[in-house]
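Structure record follows, encoded as structure tokens.
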Amino acid sequence: MERVAVGGALAQRPGYGGHAWALLGYLQGFRALGCEVLFLDRLTAEMAPDAARRDRCVRWLAAVMEGAGLGDSYSLSTDDGAVGVTREEAISWVRGSALLLNVMGFVEDPDLLAAAPRKAFLDIDPGFGQIWRALGLADLFVGHDAYVTVGERIGEPDCLVPDCGIEWVTTPHPIVLDQWPAVAGGRRFTSVGSWRGPYDPVEFDGRRLGLRAHELRKLMALPGRVDAELELALEIDPSDAADRRALERSGWRLVDPAAVAADPESYRRYVQGSLAELMVAKGIYVETRGGWFSERSLAYLASGKPVLAQETGFGERYPTGEGLLAFSDLEEARAGVEAIQADPGRHAAAAREIAAEHFEAGRVLGRLLEAVA
């Protein structure tokens, strides 16, 4: 049985159920493929500056792992030692692995990295890391043996994400279908996300590449153009109160993700209680046409929930029109909402079929292992 270690940031984000699922898709997916898995995380004093915050982060990680059936399969490095598998045991485990899949280069421990026979960088935010490197701001990629990205169009002539001279292995996110059974019903178009997110816009090649906020503003009028309930579980800072008021005046229903998606189970209930997803991408994904497609949208598709997604180039990789619909402007978004409403059953069935055919974890991760391990 092959061993695969996955490194990523989970403990630092208590209360983010969707973020947890993004990592669980890989961990549970590799396990379903027959691999042993170990999740590697870290928690520094800067990430958790007081004891209360530290305890919350530790409890959050333990609860997520236990709920996913991975309670004995993680090692959290802290300033005081390790929680779960000890650091020494983790190093030994990684030494015997086939692969360390390092999500956004989060694992930086030199001993863990040195122990891994094979290290693959996994880029889940295509555009940011590459542009930072091209501008000389940061290099996340150094020290790895292979480079994987969910930006599936990197290297295409019209893709604006620089390849940085790296030979990228492209892949979609995986979805474990057993974790996301199809569920009938639902009334609202929904999605979960942040207004801005953790990164600032970037200036590159004469363009200002923006965030989700910039794209949502372009769709401000959409609720007034359709006879549908449009709801966002939107993390938005109090400093953006004017934008919140504008969204609500325009007819968007806003709910607090901390209230509806604060853990993996409530996040799953929220997704599966929806009619469909209306996915608005970050501006950098839209403008660079890197082919990014959200792991959140895969959860909707697998649940039998159609996805109306802002085009990032993914439509050149995956079938659109039934179950998965793409839009590039306000008018196309309006038409997409109406198309799903006109025949929700047909689109629901097609959504599940797309998830099974193109994103099922065994297929996706099997190909990934072949390409990089």
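Being more than 28 Å from Arg253 (Cβ to Cβ) and outside any helix (DSSP H, G or I) is a condition met by at least one residue of the range 173-188.
Taking residues in the range 161-175 that are of a type in the set (Asp, Glu), and partners anywhere that are buried (at least 23 other Cβ atoms within 10 Å of the Cβ), the pairs with Cβ atoms closer than 6 Å and at least 6 places apart or on different chains are Asp163/Ile154. Total residues in the range 100-114 satisfying the condition of being assigned to a helix (DSSP H, G or I) and open to solvent by less than 10 Å² (accessible area, probe 1.4 Å): the figure is 0. Scanning the range 195-215 for residues that are open to solvent by 10 Å² or more (accessible area, probe 1.4 Å), among the charged types (D, E, K, R) and outside any loop (DSSP other than H, G, I, E, B), we see that the one that is modelled with the highest pLDDT is Arg212.
Only a single criterion out of (1) part of a loop (DSSP other than H, G, I, E, B); (2) of a type in the set (Gly, Ala, Ser); (3) in contact with a Leu (Cβ under 8 Å, 6 or more places away or on another chain) is not satisfied by Gly129, namely (1). All conditions but one from (1) in a loop (DSSP other than H, G, I, E, B); (2) farther than 23 Å from Ala116 by Cβ; (3) not hydroxyl-bearing (Ser, Thr, Tyr) apply to Val58; the one that does not is (1). Scanning the range 230-259 for residues that are open to solvent by 40 Å² or more (accessible area, probe 1.4 Å) and touching a residue at least 60 places away in the same chain (Cβ under 8 Å), we see that the one that is nearest to Arg56 (Cα to Cα) is Ala258.
Is it true that some residue in the range 89-99 is of a type in the set (A, V, I, L, M, F, W, C), in a strand (DSSP E or B) and over 23 Å from the mean Cα position of the chain (by Cα)? Checked against the condition, which is being of a type in the set (A, V, I, L, M, F, W, C), in a strand (DSSP E or B) and over 23 Å from the mean Cα position of the chain (by Cα), the range 89-99 yields no hits at all.
The values are calculated or read from the model by the stated rules, or taken from the named source; none is laboratory data. These numbers were taken from a predicted model, which means no experiment stands behind them. Positions of Cβ are backbone-derived with ideal geometry, glycine not excepted, and every protein chain shown enters the neighbour counts. We work out accessible area using only protein heavy atoms, side chains counted, and drop any ligands, DNA or RNA first. Shrake-Rupley method; radii C 1.70, N 1.55, O 1.52, S 1.80 Å.
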